[in-house]
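Structure, as structure tokens:
What follows is calculated from the coordinates using simple rules that are stated; it is not laboratory data. This one's a predicted model, so the numbers in the text were calculated from it and none came from an experiment. Here Cβ is always computed from backbone atoms with ideal geometry, including for glycine, and neighbour counts include all displayed protein chains.
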Amino acid sequence: MTQIELGTLELGARPKGRTLLTADWLLAHQDGHHVLHRRGELVIEGRHVLYAGPRFEGEVARRIDLGAALISPGLIDLDALSDLDTYSLVLDNQPGWSRGRILPQTYLARGPYEMYSPQELAFQKRFSFATLLLNGITTALPIASLYYREWAETVPEFDAAADAAADLGLRVFLGPAYRSGGAMVDAAGAFHMYFDEARGFQGLQDACDFIRRRAGDAGGLINGLLAPDRVETNTPELMRATMAAAEDLDVPVRLHMSQGKFELQMMQRLHGRTAARWLTDLRAFNRRLIAPHGTHATDDDIALYAEHGVSIAHSPLVSARMGSVLASFASIRERGVNIGMATDTAPPDMWMNMLAGLIACRIAEGRSDAAFSADFFNAATLGGAQALNRPDLGRLQAGALADVAIFRLDDPHMVPTVDPVTTLVLGGNGKATQAVFVDGRLSMRAGQVAGMDMVAARAQAQAQFDGLVAKYPDRSFEHPPVEALFRPSFPVL
Ligand SMILES: [Zn+2]
């Protein structure tokens, strides 16, 4: 056995033979729970974890001592942004509906168009996948806005996304988002829904064909996901057909629901009930469903989530900046609902989300002992794995897939270290990620991703985003010029 530096491993490759990783802390899994080992040892061989515990007695090809770091299971992101985040435009420019987030009737009448080229759609997924790896995320269910789309997501861009995930080495659950309806705002500023059932069914069929063709690719990195967009944009028939197809394909379904006032009002207007009640009545509410964001779920809704085994994808940062909160993470889990975590924005920083979630939960409960760092870490690993019905993910234990994130604990901004998980939640962020293994392959090290120049990619992303912003007047209420849509925080002199 030889002692080597992490830097000598080939980026983008799966090391041959057994690799032993050790550090000040190892977060292993034992008897159904995460446990910490001081100076523990993790051995990976091929695609799997061979050993995670105090000390490995067998032979290994190499040993790597990472020092002041936490060896952790890779994080699972149930709603991982896979485009260039447009929320940055409306954080300080509101209301969002008047700034391109609900399509005006005038734009729809003229004929909506794709605001990105096929190459740009492919690039933004590849770029976002790389940023997920930079943040210690090893499993992702991509999500992108449909506001700038002609209608919904397309098969070619998902073929490109599957290729990108395979090239970069990221575990993904993929399927183009589809919908049978959308929201619009009329000239008087009133909101309406419009529907095109045939397009919804075509979208479902395209998604099913894509999943049949690509699921299992890249040695299992590519998995299927059905992604009907938002609950209010789907007809009862499309929801029933979606859940039947999910059963047939054995894939999860992600559906945004209980996420805002607009949806609550639309569901009342269209169906006279909440989303959870509506889906239950349709017999389309079951454990295949992963539902961002749950912040507007009623007590009755939460009972239905628990009864039917529906998981919530929790993005506390995104919810909080919209002024809403899951009320509460602790009480909903106590009622038996599984919660996984999601970043849903850029940067896709899961540590920031764990802290935001902990703060939001304590505010919602009005007490400081309502939830702890470990609860959110469990949600970001085991909760996600449960939502995906994948007990081989989210844990470091013999036989599990070797999806590993290494987080530094010697960053001068994080002083002092008491407990590694507490320290990372309280003072850490995604930048503490030193390296990521996915499926036993070294996918990211020190900010570098195999096959991608991140500095050049960042510049390309900016140029692409600037091009999108220039098109915003087309799809904004009353079509004001860009300068009137997005004002600077302070006067620019
Ligand atoms: Zn979302």
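May I ask for the distance between the Cα centers of segment 287-343 and segment 409-468, given as a whole number of Å? Between the Cα centres of segment 287-343 and segment 409-468 lies a distance of 27 Å.
Per residue, the chain reaches -10000 deg cm²/dmol at 222 nm when only DSSP H runs of four or more residues are counted, each adding -39500 (n - 2.57). Charge dipole (Cα centre; +1 on Lys/Arg Cβ, -1 on Asp/Glu Cβ; no other charges) of segment 17-96 amounts to roughly 520 debye. When only Cα pairs below 8 angstrom with a gap of at least 6 residues are kept, the chain shows a relative contact order of 21 percent.
Can you classify segment 75-389 as rounded, prolate or oblate using the Cα gyration tensor, where a ≥ b ≥ c are the square roots of its eigenvalues, rounded means a/c under 1.5, and otherwise it's prolate if a/b beats b/c and oblate if not? The shape class here is rounded. On full extension, the segment bounded by ARG110 and GLN205 gains 31.4 nm, given 0.36 nm per residue less the C-alpha separation. A DSSP coil position with no more than 13 other Cβ atoms inside 10 Å describes the following GluC sites (Glu not before Pro) in segment 140-242: GLU150.
Looking at the chain, the DSSP beta bridges with both ends there are about 55 percent antiparallel. When ILE64, ILE44 are sorted by how many other C-beta atoms sit within 10 angstrom of their C-beta, beginning with the fewest, the order is ILE64, ILE44. Can you figure out the FRET efficiency of ASN286 with VAL418, using R₀ = 45 Å and their beta-carbon distance, to the nearest 0.05? The formula returns an efficiency of 0.60 here. Applying a DSSP loop filter and a limit of 15 other Cβ atoms within 10 Å to the trypsin sites (Lys or Arg not before Pro) in segment 373-431 leaves nothing. Taken about its Cα centre, the chain carries a charge dipole of about 280 debye when Lys and Arg each add +1 at the Cβ and Asp and Glu each add -1 at the Cβ.
Span-like helix criteria (full DSSP H runs; alpha carbon extent of at least 18 Å along the helix axis; mean Kyte-Doolittle hydropathy of at least 1.0) are satisfied in the chain by 350-365.
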